[in-house]
1. Considering only residues that are farther than 20 Å from A:Cys194 by Cβ and either assigned to a loop (DSSP other than H, G, I, E, B) or within 13 Å of another protein chain (Cβ to nearest Cβ) (or both), which ones fall in region B:71-81?
2. So which helices (runs of 4 or more DSSP H) stay within region B:1-53 end to end and still have 2 or more residues that are touching a residue at least 40 places away in the same chain (Cβ under 8 Å), of a type in the set (Asp, Glu) and more than 26 Å from A:Asn140 (Cα to Cα)?
3. Considering each residue of region A:369-378, count those that are touching a residue at least 24 places away in the same chain (Cβ under 8 Å) and either more than 14 Å from every other protein chain (Cβ to nearest Cβ) or in a loop (DSSP other than H, G, I, E, B) (or both), and give that number.
4. Determine which single condition B:Leu16 fails, assuming it passes every other condition in (1) away from chain A (no Cβ under 12 Å); (2) in contact with a Pro (Cβ under 7 Å, 6 or more places away or on another chain).
5. Condition first: more than 14 Å from every other protein chain (Cβ to nearest Cβ) and either of a type in the set (Lys, Arg) or touching a strand residue (DSSP E or B) at 6+ places or on another chain (Cβ under 7 Å) (or both). Now tell me which residues in region B:102-127 satisfy that.
6. Of (1) out of contact with any His (no Cβ under 6 Å at 6 or more places or on another chain); (2) surrounded by 20 or more Cβ atoms within 10 Å (Cβ to Cβ), A:Lys71 satisfies all except one. Which?
7. Would you mention how many residues in region A:299-337 are without any contact (Cβ under 8 Å) to a residue 60 or more places away in the chain and small (Gly, Ala, Ser)?
8. Could you check region A:177-236 and list, in sequence order, the residues that are small (Gly, Ala, Ser), more than 9 Å from every other protein chain (Cβ to nearest Cβ) and buried (at least 21 other Cβ atoms within 10 Å of the Cβ)?
Amino acid sequence: MIDQSQNQKMISANDGASFGVGSSGETLYVQHFKNDEARFLGYYLEKLQGYSALKYAFGMTPAAVVDEMKKSNLRGRGGAGFPTGIKWGFINDKTPFPRYLVCNADESEPGTFKDRDIMRYTPHLLIEGMVIGGFAISANVGYIYIRGEYTREAKLLQEAIDEAYEKGYLGKNILGSGFDFDLTVHRGAGAYICGEETGLLNSLEGKRGEPRVKPPFPAQAGAFGKPTIVNNVETLANVPFIVNRGGDWFSKLGRLERSGGTRLISVSGHVKKPGVYEIPAGSMTVRQIIYDLCGGLLNDRKLKAVIPGGSSAPVLTADEIDVIYDIDPLMKINSMLGSAALMVVSDEYCVVKLIHRITKFYAHESCGQCTPCREGCHWMESIIERILHGKGREQDLALLSDIADNIGGKTLCALGDAAAGPVASFVKKFKPDFEAYIRGGKHA
Amino acid sequence: MAKLLSEKFYSEMKKLEPRYPTKVALLLPALHAAQDENGWLSPEVLEEVAAYIGIHPAQAREVASFYTMYNLKPVGKYHIKVCTNVACVLRGADGLVSHCEKRLGIEVGQTTADRRFTLHEEECLGACGTAPAMMLNNDYHEDLDAQKLDRILDQLP
């Protein structure tokens, strides 16, 4: 059950406001965002008990760290929502060496910009999380694969890594524990598909970022063919909090049974106050986020559509926003939380133009390996384009749904589903808007 | 053949080498560094990068051509990349693109005759909360409108 009264207490990173945050509405991140001092080691040590979790973890067995992660009910923050503790548990005594820990900082899902704030304002959380993660899976090498466009964030991360090396939080025999861990920032070069973990691994290896056939999964054969765990930035940044304060405490921060912690959400589009917000996982509905957190719609327009989880997520209509904003509730209504990127669309923007823009993106970003995705995305784009130009045919909507159906679930990676789901949902939920073009003589 | 890439390039790569178990893993960092020096990746530069890594030039091109940030054609001194993905178009990115086209007298994909500006549309930059956004060479500019864009371009040396 959700306690509505607590929802007023969330902090917005956007305006730096700080309300009286009760223990039940605790935030871990946003109070440090927008603060240019927060990225330095001194601040981290003083204000965030920096590297104390690492010391604590070194007193535990790696298996005990993994158990704590399991207790935390932390689900991956990159988009798939896989339980982090279970993922780490895929590496066990029998797993061969060397092993790698890779941070997915590609943040390529349109609408998502929360990891950027972690990297530029609290990079040491990520670094400490990675050292602990490395310790838990007995990996001595880690990579942060950051999208190429984030040049400034890569530089800030590198500066923080240099600080950590200098003070002995990275490198050989960290804090006298006997554990070694080296961390390298690796820049991507502009490819959405490198946010897919096996595309990312190929890219890290100096190849085209084409996703791999699975199995084998990364935990069996990942980076350089070796056992590898790939975790998102926010996922790893949560690790020091979990080790310091316990998996149970973290789990209870969330308001749903299987979803622990707080959640950073990226809100963009037609709201008065877009930005990164932090809420207890599962504590608010989409409506509350739009109207209570973000001040409602820009120019007080009428809500037309909400894309709840990055552009890959099936769209919601204005009638569907009373859903709790978390993994399971959104899945129940056939959409998804994805990377928790909420894009709000008012009635001033045409939804047919919008799905055309989304589809153009996937057609551009399809890596081309799988025929359904490579061909289908372009066909969907072309068909929506002709509808927009007033040349749509009556059967085009059924054709679009059919193509989407022939892409979804029939490709090596999730890009196919990411392209198909939105098209199918827009066609189903906004039929009259398409028909205005096809029958009504409307054209762009 | 005279080397096109600087000593700095080679010493940087030397420093990176021990960070990876294979030399091919240096390809993306090497392409970035080579492009930073030359503005783009000419066939000759690609060949030199490939020789350093120990791969065929075709392999270097195969990889470079996969990623949008590597320029396989020359670009202007200032490379403008306006994000036109969802969050940015909702906040007026289309207007910014046409403003750039009008101001620079070129279309998307073109370079001005004096080779000062190249204009491209870009997919999501991850700056959606401060949309619309663009990259100018390696730097982000956010919360843009036509006036702000003009001020930024006016101030370029």
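The values are calculated or read from the model by the stated rules, or taken from the named source; none is laboratory data. Because the structure is predicted, anything quoted here is derived from the model rather than measured. So basically every Cβ, Gly included, is an ideal-geometry build from the backbone, and we count neighbours across all protein chains shown.
1. Narrowing region B:71-81 to residues farther than 20 Å from A:Cys194 by Cβ: B:73-80.
Listed by number, the residues that qualify are B:Lys73, B:Pro74, B:Val75, B:Gly76, B:Lys77, B:His79.
2. Correct list: B:43-53.
3. Of all residues in region A:369-378, those touching a residue at least 24 places away in the same chain (Cβ under 8 Å) come to A:369-370, A:372-373, A:376-377.
Narrowing the set further to residues that are either more than 14 Å from every other protein chain (Cβ to nearest Cβ) or in a loop (DSSP other than H, G, I, E, B) (or both) leaves A:369-370, A:372-373, A:376.
Result for region A:369-378: 5.
4. Every listed condition holds for B:Leu16 apart from (1).
5. Scanning region B:102-127 gives B:Lys102, B:Arg103, B:Leu104, B:Ile106, B:Gln110, B:Thr111, B:Arg115, B:Arg116, B:Phe117, B:Thr118, B:Leu119.
6. If we test A:Lys71 against (1) out of contact with any His (no Cβ under 6 Å at 6 or more places or on another chain); (2) surrounded by 20 or more Cβ atoms within 10 Å (Cβ to Cβ), just (2) comes out false.
7. Residues that pass the stated criteria total 1.
8. Hits for region A:177-236 are A:Gly195, A:Gly199, A:Gly222.
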